[in-house]
Amino acid sequence: MQVANKLAVSIHYILTNSAGEQLDSSRGAEPLVYLHGQGNIIPGLEQALAGKKAGDKLNVTIPAVEAYGEYYDDMVQTISRSMFEGIDQIELGMMFEADVSHGPGIVTVTKIEGDDITIDGNHPLAGEDLTFDVEIIDVRAATADELAHGHIHGAGCHH
């Protein structure tokens, strides 16, 4: 069975950045299982996997625009510590839900200077070309529930 929309796909992968640094891997763990065509993984990787079958291996570099998007300087801003009402300790790398220019999103604390806190609304991998070394483990029909919910059900899914 070939990878196509509305099929459940299991992959093992190793993710590296343009410097060759390993950022993530499923090796030594359970494979990543996703519902193809539903936006469960980055668009460029989903496109690269289309038409492949179990046992296929590929190494593909996904440009930033087809991964987590370009990096936008206007998504970085400095705000007052008072904006973090009820949070006693603010540290570099902390992530918060916030209203950003395109609605709700996640911001990361990137700099702290006294009462000035710099936050970045870009995805941590925005602006990065990403390379995936992928092995397709399985391709199967999705269940009716998985199709209705738009994602794979498995261990840890509670609906």
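A short reminder: the numbers here are calculations on the coordinates, not readings from a lab. Note that the structure is a prediction, hence the values are computed from the model and not measured. As a convention, Cβ positions derive from the backbone with ideal geometry for all residues, glycine included, and neighbour counts pool all protein chains shown.
Annotations
- Each part reduced to its alpha carbon centroid, region 1-39 and region 55-133 end up 22 Å apart.
- Label separation (LYS57 vs GLU113): 4.9 nm, computed from points 7 Å beyond Cα along the C-beta direction.
- Taking the Cα centre of the chain as reference, the dipole from Cβ charges on Lys and Arg (+1) and Asp and Glu (-1) amounts to some 920 debye.
- Whole-percent pair-distance distribution, where bins are 10 Å wide, for the alpha carbons of the chain: 10, 30, 29, 22, 8, 1
- Annotation: for a label point projected 7 angstrom from Cα along Cα→Cβ of LEU23, residues of region 41-57 with backbone N closer than 13 Å are 42-45.
- Distance between modelled label sites at ASP99 and ALA4, nm, 7 Å Cα→Cβ extension: 4.5 nm
- Dimensions of region 74-143 along the principal axes, based on C-alpha atoms and rounded to the nearest Å, stand at 52, 29, 24, largest first.
- Within the chain, helix-based [θ] at 222 nm, where runs of 4 or more DSSP H residues each add -39,500 (n - 2.57), nearest 500: -2000 deg cm²/dmol
- Lys/Arg +1, Asp/Glu -1 at C-beta; region 10-150 dipole; positive extreme among SER82, PRO104, ILE41: ILE41
- Tail weight of P(r) past 16 Å, computed on alpha-carbon pairs of region 21-97, percent: 70 percent
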